[in-house]
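Colleague: Please see the structure below; I have some questions.
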C-alpha cells in the first residue's frame, strides 16, 4: 500500500468522526474508543444508563461505513436460532424431494448490534461466543464463515438489575474494549435539546467500504512498537494477577505502597487479566497511534486505551466493593507501580 493511499484512508477516518458529530453531541472519548476497537478488529461493549444514545451512536457509525448492519434487541425469550439462524425444510419442485436448508440469521453481517445484551439468558449469550472468537458459525455439523470485517457492538444498562443476566467472564474477555458512556455536560445537553426538538434532518455519507476497512486493519498491525514497550505492557498485565505478582511481593514495594497509601492488587483483585489483555493493549495502542496519524506506539497511546481494555478483565473481590474501589482505580495504581521505559517517556 503506497503512502498516498494510506493518507487518503486516514483522512477518511477523520471524516467519519465529523459525520458522527452531526448526530452525536460530545462523547469524543467514547467515539474515539469505538473507532479504536473497529480499527483493531475487535468487538466492543458499551455500558451506560438509558438515554445516553448508545444505540444511536452504533447505528450512526454503521451509516458512515459502507457495511452491512443488523440490530437485534436482546430479550429474555430470545433463542440462539434467532441470532445464528436455523434449518428450514424446503422442497425441490423439479424432483419433489425435500431437504433441509440453513437459513442464516442476523449474525451474518459486518456490524452486529446486540442491544441490551445482558437481558437475554446465558444460553442465548453463548450463541455469540464462537462468532466473536472464530468469526464463524457452526450448525448441524457445518461451518459457515462470517463476512469480513465482522464486529459485535453490544450495549448494556448498569443500573437496572431486574430481569438481567450478567455476562460471564469468558464472554467479557472476548470484547476488545469495555467503554463506559457518561452523562453529557451542561453545554452538550443544551445542544442535544436543540438538535432533537426541531425538524432538523441529518444526511450521513458512507465513507469506508469493507475492503478499505480490512486494509486499514492490516495497516494497524504494521504500526511499530518497541520491545521496551512490549515489556512494559507485559508487566502491567502480569501485575493484575494476585497469585503471579512479583512486584507486589517485595518489601521495598510494600513500604512504598504504605507510604503513598496506594491500593494493593493482592487486597482487591480475585482474578487478573490473561494474555488476551496484552494482545488487546498492543493492538488498541497501535490503532490509537494510527488515528493520530502516527506509525509508532508511545506510552501515551498505552495509557489512553488501558482503562477500556483492562476494566472488564480484572475481577474484583468483596473487599473492593466494601471499600468502594473500582477497576479503574486499580488501573491507575498499576501505572504508578510499573516502571516506565526511560527511552519512551512522553
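Just so it is clear, none of the values below were taken in a lab; they were calculated from the coordinates. Since the model is a prediction, treat every value here as computed from it, not as a measurement. Cβ atoms come from the backbone with ideal geometry, glycine included; neighbour counts cover every protein chain shown.
Colleague: Report the equivalent ellipsoid semi-axes for the chain in whole Å, largest first, defined as the square roots of five times the eigenvalues of the gyration tensor built from alpha carbon atoms.
Modeller: Equivalent ellipsoid of the chain: 36, 25, 22 Å, largest first.
Colleague: Using r as the Cβ-Cβ distance of residue 292 and residue 104, and R0 as 45 Å, what FRET efficiency do you calculate, to the nearest 0.05?
Modeller: 0.75
Colleague: Here's another thing I want to ask about it. Give the angle, between 0 and 90 degrees and rounded to the nearest 10, that separates the Cα long axis of helix 210-220 from the longest principal axis of the Cα atoms of the chain.
Modeller: Once rounded, one gets 20 degrees.
Colleague: Taking only Cα atoms and a 10 Å spring cutoff, compute GNM fluctuations for the chain and point out the largest among 154, 15, 308.
Modeller: So, out of 154, 15, 308, the one fluctuating most is 15.
Colleague: OK, next. Output the Kirkwood hydrodynamic radius of the range 293-346, Cα pairs only, in Å rounded to one decimal.
Modeller: 12.8 Å
Colleague: What FRET efficiency comes out for the pair residue 276/residue 204, r = Cβ-Cβ distance, R0 = 30 Å, nearest 0.05?
Modeller: About 0.35, to the nearest 0.05.
Colleague: Over the Cα atoms of the range 147-219, what radius of gyration and what Dmax do you get, in Å?
Modeller: 18.1, 45
Colleague: Moving on. If N is the number of residues in the range 62-103, what value comes out of its Cα radius of gyration divided by 2.2 N^0.38 Å?
Modeller: 1.78
Colleague: Turning to a different aspect of this structure: For the range 28-182, what proportion of DSSP beta bridges, expressed in % and rounded to the nearest 5, is antiparallel?
Modeller: About 40 percent, rounded to the nearest 5.
Colleague: Using only Cα atoms and rounding to the nearest 10 degrees, what angle (0 to 90) does helix 327-337 make with the longest principal axis of the chain?
Modeller: Here the helix axis deviates by roughly 40 degrees.
Colleague: Another one. Distance between Cα centroids, the range 291-345 to the range 119-148: provide it in whole Å.
Modeller: 31 Å
Colleague: What is the helix-to-structure angle for 251-260, meaning the angle in degrees between its Cα long axis and the longest Cα principal axis of the chain, kept from 0 to 90 and rounded to the nearest 10?
Modeller: Approximately 80 degrees, to the nearest 10.
Colleague: Suppose we keep just the alpha-carbon trace of the range 42-111; what are its Rg and Dmax in angstrom?
Modeller: When restricted to the Cα atoms of the range 42-111, Rg and Dmax are 17.4, 56 Å.
Colleague: When DSSP beta bridges are limited to those with both residues in the chain, what percentage is antiparallel, rounded to the nearest 5?
Modeller: Approximately 40 percent, going by the DSSP bridge assignments.
Colleague: Further question on the same structure: Calculate the tail of P(r) for the range 62-149: the fraction of all Cα-Cα distances greater than 21 Å, expressed in %.
Modeller: The answer is 38 percent, as a whole percent.
Colleague: Starting from a Cα-only point model with no solvent, please compute log10 I(q)/I(0) by Debye for the range 28-182 at q = 0.12, 0.17, 0.19, 0.20 1/Å.
Modeller: -0.52, -0.97, -1.19, -1.31
Colleague: Rounded, prolate or oblate: which one fits the range 1-120, using the alpha carbon gyration tensor with axes a ≥ b ≥ c (rounded when a/c is under 1.5, else prolate when a/b beats b/c, else oblate)?
Modeller: Oblate shape, in that a/c is at least 1.5 and b/c is the bigger or equal ratio.
Colleague: While we're on this one: Counting only the backbone N, which residues of the range 269-311 are under 20 Å from the spot 7 Å out from the Cα of residue 227 toward its beta-carbon?
Modeller: From the range 269-311, the list is 279, 282-283, 296-299.
Colleague: Given the -39500 (n - 2.57) contribution per DSSP H run of 4+ residues, what per-residue ellipticity at 222 nm results for the chain, rounded to the nearest 500 deg cm²/dmol?
Modeller: The helix contribution divided over the chain gives -13000 deg cm²/dmol.
Colleague: Still on this structure, please answer the following. So for the chain, averaging the separation of alpha carbon pairs under 8 Å that are six or more residues apart and normalising by length, what relative contact order in percent results?
Modeller: With pairs under 8 Å counted, the relative contact order is 21 percent.
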